[in-house]
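K.L.:
Pasting in a structure now, in structure tokens, and then I'll have a few things to ask.
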Amino acid sequence: MSQEQNKVSWKGWVALFFIIITFSGTLTNAGVWSAFDFQRLTGSFGQISQGVIFTGKGGTGAREGFMFTLTLIPTVMFALGLIQVAESLGALQAAERLFRPILRPIMGIPGVAGLAFVSSFTSSDVGSVMTKQLYEDGYITDEERTIFVAYQYASSAAITNTLGAGAAMLPVSVLPVGVIIAIEIVVKIFGANLVRLWFYMQAKKEKGVKVNG
């Protein structure tokens, strides 16, 4: 990449900051500023409203699964729209510059995955779709994608699921919620590095076979 192509404009930094704040969940209960929170912006389509659940109750068949899929469409479409706008403003280049010193040492993936990294804290669906797009656009390799998926898969959407699904257990937990989320993130990174180590050992083994052959 040339120096001109690698240059990050102020618009790229602003777009990156906006995307990070929007997807991070830090504005969920921030008063009027919560209007910029991703969960707030996507609304409550498909969720419980006046005792009625869009996906139905008590069913486990294909019909309920199909209806649940419909609830993901607004979220994923809106997220991809935001990412496309941010990318056009240079947010991916800014993410590469900002997250490279973090993601490359701890997981061996490029900084351009930083947006998906932040998004995966609050939405596993958005994080997975963004990772898929990064791979298809050639920003990450197949091995880097596999390592990143190993990180995302364990304790997916750590913040949202811990505060939402685990809300009933938090009052009796012996650890503060911040410590719980931190432990989840550490274990996620550990899992990603197990996959990273496996790739390293496979590459070393293949290299040894070629030398001996």
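The values are calculated or read from the model by the stated rules, or taken from the named source; none is laboratory data. Note that the structure is predicted; figures quoted are calculated from it, not measured. All Cβ positions, glycine included, derive from the backbone under ideal geometry; neighbour counts span all protein chains shown.
K.L.:
Of all residues in the stretch 152-201, how many are farther than 19 Å from PHE121 by Cβ and among the basic types (Lys, Arg)?
P.N.:
Going through the stretch 152-201 one residue at a time, the tally reaches 1.
Residues checked against (1) more than 21 Å from TYR200 (Cβ to Cβ); (2) among the aromatic types (Phe, Trp, Tyr); (3) touching a Cys at 6+ places or on another chain (Cβ under 9 Å):
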| residue | (1), (2), (3) |
| --- | --- |
| TYR151 | no, yes, no |
| SER155 | yes, no, no |
| ALA165 | yes, no, no |
| ALA182 | yes, no, no |
| VAL187 | no, no, no |
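K.L.:
Checking TYR139 against (1) closer than 20 Å to THR75 by Cβ; (2) assigned to a loop (DSSP other than H, G, I, E, B): exactly one of these is not met. Which one?
P.N.:
(1)
K.L.:
Just give me the residues in the stretch 154-193 being under 21 Å from ARG104 (Cβ atoms) and either surrounded by fewer than 11 Cβ atoms within 10 Å (Cβ to Cβ) or touching a strand residue (DSSP E or B) at 6+ places or on another chain (Cβ under 6 Å) (or both), in sequence order.
P.N.:
Across the stretch 154-193, the qualifying residue is only VAL186.
K.L.:
Listed residues THR122, THR160, THR131, THR146; which is at pLDDT 95 or above and among the polar types (S, T, N, Q)?
P.N.:
Every option except THR146 fails the conditions.
K.L.:
Determine the pairs where a residue that is closer than 12 Å to ARG145 by Cα and touching a residue at least 24 places away in the same chain (Cβ under 8 Å), located within the stretch 104-118, has a partner that is assigned to a helix (DSSP H, G or I) and β-branched (Val, Ile, Thr) with Cβ atoms under 7 Å apart, the partner being 6 or more residues away or on another chain.
P.N.:
Going by the 7 Å Cβ cut-off, the qualifying pairs are MET107/ILE147; MET107/ILE189; GLY108/ILE147; ILE109/ILE147; ALA116/THR131.
K.L.:
Shifting gears a bit: Can you find, within the stretch 1-51, the residue that is modelled with the highest pLDDT among those that are on the phi > 0 side of the Ramachandran plot and surrounded by 13 or more Cβ atoms within 10 Å (Cβ to Cβ)?
P.N.:
Residue satisfying both the conditions and the ranking: GLY25.
K.L.:
When both residues are 6+ apart or on different chains and their Cβ atoms are under 8 Å apart, which pairs have a first residue that lies in the stretch 196-209 and is closer than 17 Å to VAL149 by Cβ and in a helix (DSSP H, G or I), and a second that is modelled with pLDDT of 90 or more and of a type in the set (Ser, Thr, Tyr)?
P.N.:
Partner pairs satisfying both residue conditions: PHE199/THR146.
K.L.:
Determine whether LEU134 is surrounded by 15 or more Cβ atoms within 10 Å (Cβ to Cβ) and not polar (S, T, N, Q).
P.N.:
Criteria met by LEU134.
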